[in-house]
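Read the figures in this text as sums done on the coordinates, not as results from a lab. Keep in mind that this is a model prediction, so the values were computed, not measured. Here the Cβ positions follow ideal geometry from the backbone for every residue, glycine too, while neighbour counts run over all protein chains shown.
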Amino acid sequence: MGIDWPYEFPGVYWVGKEEEEAVLEVLRNGSMFRYYGLKKPFYVDRFEESARNFYGVNYALGLNSGTGALICSLAALGIGPGCEVVIPSFLWVATVGAVVQCGAIPVICEVNDSFNIDPEDLERKITAKTKLIVPVHMAGAPCEMDKIMEIADRHGIPVLEDCAQCNGGSFKGKKVGTFGRMGIFSLQLNKNITCGEGGLIITGDERLYNRAFSAHDMGMIRKNGRLALPDDYAVMWGNGRRMNEMCGAVANVQLSKLPDITGKMHSSKKRIKEMLQDTRGLEFRRLADEAGDSGPFLVIILEDEKTTLAAVEKMKRNGLHNIFRIADYGLHIYFNIPALVNKTPLSPSGNPWNLCANKDSDYDYSKGACPQSDKLFSRSILIPVPSCLTAEQEERAAQIISEAVNF
Ligand SMILES: Cc1ncc(COP(=O)(O)O)c(C=O)c1O
């Protein structure tokens, strides 16, 4: 007997009357734009206030996407031609895209058995041109932030945490996004909480906040919702990345549900892992901090590529339809990103890899560039853990996984 495995939309299963009412209020008030409307809008402001409280930071900025949050953070941090930015081999195309868009050079770092950035390789990847490290807390679980921050601080390099896939996660009791100079989140449909499309930047630094604000809007700051001329350091080129009020309304309600949503995924995952713990030939991803794992994915590592391919086939046939061998997980893997492998220019004369300022940054991005990661990706499987599982679904999933591994 197979299984009807739910889709991986953690926040969606928790949408209720509260989100509905909030969106309707925005529409009835004719105040879909965050700065003015028929009635005074307040939902994005409220979401940002909730975010400051939830993450315990001084500044929070709602945006229209996680990609926008990355682009505006890089702008705030002054990343551009002549800069190298270290990112992991397991990521999302938006992370590397944001680096390339500003004319900087991405440097791909190995991941280790935590499937997050490998601190040992990070140390090796740092050069005199490294101007930023972007740890990406992948597939729900936090990076080894103690080691990463020690290396970054010793070299005096800022850290921007990409927490798009790990909202609500933490490392040793401290929330992800609060270790580096800035943290970004996504509120896209597949994320731990969602408003369909949305993003968030958090920081403790007023100047970075003002620069990010300026970059996300029209290149200026605002006072009481009206454009205002900032000090010179915060005059930027704007990107039109504002969050709208309907998204703010949903995001604000969803943020209040985040601990329950991650708690549910965490406990389902724990139960599935317990049921699988004696399965021969199967290891789990090492979690840098089990308690801080936000829970949306189970990653298993099998003996070799052949067994892994066969196990994926078998699991899919039995209804675990949305699982991936990690090597085949599309634009999450450096060598699957055609624009990166081909060093695709931004415009006919705008290829970051040909810029004079980047002439010493010569990197290859094709398969083989990160052999440790490649080997791991070839024999590991990513299994979503939806936020709405019943005990029977958890049990059946564990059975399907164990049968697929041992056939
Ligand atoms: C690691 C990572 N960073 C950034 C993003 C970009 O977020 P968005 O889709 O909201 O632009 C995503 C979204 O999938 C992601 O997974």
Review point. Taking trypsin sites (Lys or Arg not before Pro) as exposed when DSSP calls them loop (any state but H, G, I, E, B) and at most 11 other Cβ atoms lie within 10 Å, what is the longest stretch of the chain free of them, the sites themselves excluded?
Key: 1-279
Review point. Can you list the chymotrypsin sites (Phe, Trp or Tyr not before Pro) in the range 209-278 that are in a DSSP coil and have 10 or fewer other beta carbons within 10 angstrom?
Key: TRP237
Check your understanding: Shape call for the chain from the C-alpha gyration tensor, a ≥ b ≥ c root eigenvalues: rounded (a/c under 1.5), prolate (a/b greater than b/c) or oblate?
Key -> oblate
Exercise for review: Please list, in chain and number order, the residues 5+ apart from TYR59 or on another chain whose amide H is under 5 Å from its amide H, with Hs placed from the backbone.
Suggested key: THR203
Check your understanding: Using modelled backbone amide H atoms (1.01 Å from N, in-plane), which distant-in-sequence or interchain residues come within less than 5 Å of ASN167's amide H?
Key -> ASN192
Point to revise | Proximal lysines relative to LYS273, as straight alpha-carbon distance under 29 Å, when same-chain residues fewer than 8 apart are discounted | key: LYS147, LYS172, LYS174, LYS175, LYS191, LYS257, LYS264, LYS306, LYS314, LYS316, LYS375
Practice item. With a ≥ b ≥ c taken as the square roots of the eigenvalues of the C-alpha gyration tensor of the range 1-75, please select rounded if a/c is under 1.5 and otherwise prolate if a/b is larger than b/c or oblate if it is not? Key: oblate
Check your understanding: At what distance in nm do the modelled label points of GLU123 and TYR363 sit from each other, each positioned 7 Å from its Cα along Cα→Cβ?
Key -> 2.0
**Study point:** Size of charge dipole - the range 1-118 - debye, nearest 20, with Cβ of Lys, Arg +1 and Asp, Glu -1, no other charges
**Key:** 660
Practice item. Give the value in nm², to one decimal: projected area of the alpha carbon convex hull of the range 43-123, averaged over all directions. Key: 6.6
Practice item. With a point put 7 Å past each Cα toward its Cβ, work out how far GLU395 is from ASP278 in nm, to one decimal. Key: 1.7
Review point. Applying the Karplus parametrisation 6.51 cos²θ - 1.76 cosθ + 1.60 with θ = phi - 60° to the phi angles of the range 172-189, what ³J(HN,Hα) value in whole Hz is obtained for each residue in order, glycine and proline being reported as x?
Key: 6, x, 10, 5, 5, x, 10, 8, x, 5, 9, x, 10, 9, 10, 10, 5, 4
Study note, to complete from the structure: One finds the C-alpha centres of the range 8-54 and the range 361-393 to be spaced, in Å, by 34
Review point. Which one of TYR365, GLY350, ALA339 has its Cα pushed farthest toward the positive end of the charge dipole of the range 330-407, where Lys and Arg give +1 and Asp and Glu give -1 at the Cβ?
Key: GLY350
Check your understanding: Can you list the HN-Hα couplings for the range 271-283, worked out from phi with the Karplus curve (6.51, -1.76, 1.60; θ = phi - 60°), rounded to whole Hz and with x for Gly and Pro?
Key -> 5, 4, 5, 4, 5, 9, 4, 9, 5, 5, x, 10, 10
Check your understanding: Relative contact order of the chain: what whole-number percent is it, with Cα pairs under 8 angstrom and at least 6 residues apart?
Key -> 23
Exercise for review: Hey, can you grab everything whose amide H is under 5 Å from the amide H of GLY198? Only 5+ residues off in sequence or another chain; H modelled, so Pro and N-termini drop out.
Suggested key: GLY66, LEU187, GLN188
Study note, to complete from the structure: CD proxy, 222 nm, the chain: helix-only mean residue ellipticity via -39,500 (n - 2.57) per DSSP H run with n ≥ 4, per residue, nearest 500, stands at -11500 deg cm²/dmol
Exercise for review: Work out from phi, with θ = phi - 60° and the Karplus expression 6.51 cos²θ - 1.76 cosθ + 1.60, the ³J(HN,Hα) of each residue of the range 329-340, listed in order in whole Hz, and give x for Gly and Pro.
Suggested key: 8, x, 6, 8, 10, 3, 7, 8, 9, x, 5, 7
Exercise for review: Find the centroid of the Cα atoms in the range 111-126 and in the range 284-324, then give the distance between the two in whole Å.
Suggested key: 21
Review point. In terms of the Cα gyration tensor, with a ≥ b ≥ c the square roots of its eigenvalues, is the range 239-370 rounded because a/c is under 1.5, prolate because a/b exceeds b/c, or oblate?
Key: oblate
Check your understanding: Which value, in debye to the nearest 20, describes the size of the charge dipole of the range 321-397 about its Cα centre when Lys and Arg Cβ atoms bear +1, Asp and Glu Cβ atoms bear -1, and nothing else is charged?
Key -> 220
